[in-house]
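Q: One structure is given below, represented as structure tokens, and several questions about it will come after.
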Amino acid sequence: MKKIGLIGGISWVSTADYYRLINEGINERMGGLNFSECLVYSFNYADIKKNNDANDWDLTFKMLLKGCEFLKSGGAEAIVLCANTMHLIADKLQEAIGIPLIHIAEATSAEIQKKDIKKVALLGTKFTMELDFFKDKLAANGIEAIIPENQEDKDFIHYTIFEELGRGLVTEETKKRYLEIADDLIKNGAEGIILGCTEIPLVIKPEDVSVPVFDTALIHSKAVVDFQLS
């Protein structure tokens with residue numbers, strides 16, 4: 001089994017999900033008492049958010065690079081960023097660390113292709129929705145991504161990711177609003193919904209909407225398991 005390094009704490013909620021999903025995936029494939037051989041470097045989310053709010057992605061890069069180097073020194077053979085937004089600097093990290101970085105958008109794109117879907121809704125932080133780092137990986141495989149048109153909807157998603165979901169808080173009001181936003185995107189032609197923040201599965205379940213749901217944390221974890229056992 002190949003050893004992996006998880007960059008976590010962004011948020012701890014999704015990191016816990018990754019740890020569970022990867023270990024369950026290894027055990028499902030290997031049985032017995034076999035589980036993932038992994039290292040975890042968990043950040044203080046407040047430090048990361050402070051940088052991102054100031055648009056200081058260079059400082060975030062330096063912090064994550066330090067974490068990646070720590071994991072690599074411990075024997076990690078690949079890096080896993082346990083968050084969608086941090087993939088804004090994934091390609092730059094990949095160049096710097098010299099070991100594979102398992103990319104969440106590439107894994108998600110591959111899953112969407114299996115469904116022969118060409119147009120999807122992308123929900124996530126404003127960075128994930130508005131910048132190109134995720135959408136470009138989809139476009140490279142002929143997949144168009146659409147996001148909420150209403151700025152208030154984007155602001156709502158961004159706010160609740162950090163202030164509610166990232167703390168493990170879920171309310172019926174928030175869930176209802178997310179589903180309304182998803183339904184609007186389906187009406188605008190989305191054939192699937194990408195849960196492009198690893199906390200959004202807390203409020204959108206596959207049975208909640210009429211189109212396929214792509215849970216990026218789950219998809220990413222399966223790609224990690226494939227790598228470990230390759």
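Q: Tell me the carbon and sulfur percent of the accessible area for the stretch 1-47, rounded to whole percent, probe radius 1.4 Å.
A: Whole-percent figure for carbon plus sulfur exposure: 52.
Q: Could the peptides 202-213, 78-89 be put in order, highest first, of the mean number of other beta-carbon atoms found within 10 Å of their residues?
A: 78-89, 202-213
Q: When N counts the residues of the chain, how does its alpha-carbon radius of gyration compare numerically with 2.2 N^0.38 Å, as a ratio?
A: Against the empirical 2.2 N^0.38 Å value, I get 0.97 for the chain.
Q: So, one more: Counting only heavy atoms of protein chains, what accessible area per residue, in Å², does the chain have with a probe of 1.4 Å?
A: So the chain comes to 46 Å² accessible per residue, rounded to a whole number.
Q: Tally up the carbon and sulfur contribution to the accessible surface of the stretch 105-215 as a whole percent, 1.4 Å probe, everything protein left in place.
A: Ligands and nucleic acids excluded, carbon and sulfur give 45 percent.
Q: How many angstrom lie between the C-alpha centres of the stretch 4-77 and the stretch 159-230?
A: With the stretch 4-77 and the stretch 159-230 each reduced to a Cα centre, they are spaced 20 Å.
Q: Right, another one. With a point put 7 Å past each Cα toward its Cβ, work out how far LYS114 is from ALA16 in nm, to one decimal.
A: 2.8
Q: Which aspartates and glutamates, if any, have their Cα less than 17 Å from the Cα of LYS66, not counting same-chain residues under 8 positions apart?
A: Candidates past the 8-residue exclusion: ASP47, ASP56, ASP58, GLU77, ASP91, GLU95.
Q: Another question about this same structure. Taking one equal scatterer on every alpha-carbon of the stretch 105-215, how large is log10 of I(q)/I(0) by Debye at q = 0.10, 0.15, 0.17, 0.24 1/Å?
A: -0.25, -0.57, -0.74, -1.48
Q: Let me ask something else about it. Suppose every K and R has +1 on its Cβ and every D and E has -1 on its Cβ; what is the size of the dipole of the chain about the Cα centre, in Debye to the nearest 20?
A: Computed about the Cα centre, the dipole is about 620 debye.
Q: Okay, next question. Could you pull out the pairs from LYS119/LYS205; LYS154/LYS205; LYS72/LYS175; LYS72/LYS115 whose alpha carbons sit more than 29 Å apart here?
A: LYS72/LYS175; LYS72/LYS115
Q: Would you mind counting up the charge near ILE204? Only other residues with Cβ under 12 Å from its Cβ, with Lys and Arg at +1 and Asp and Glu at -1.
A: Around ILE204, the charge tally is -2.
The values are calculated or read from the model by the stated rules, or taken from the named source; none is laboratory data. Just so you know, these numbers come straight off a predicted model, no measurement behind them. Here the Cβ is made from the backbone with ideal geometry for all residues, glycine too, and neighbour counts use every protein chain on show. Quick note on the areas: whole protein, heavy atoms, side chains included, nothing else; ligands and nucleic acids left out. Shrake-Rupley method; radii C 1.70, N 1.55, O 1.52, S 1.80 Å.
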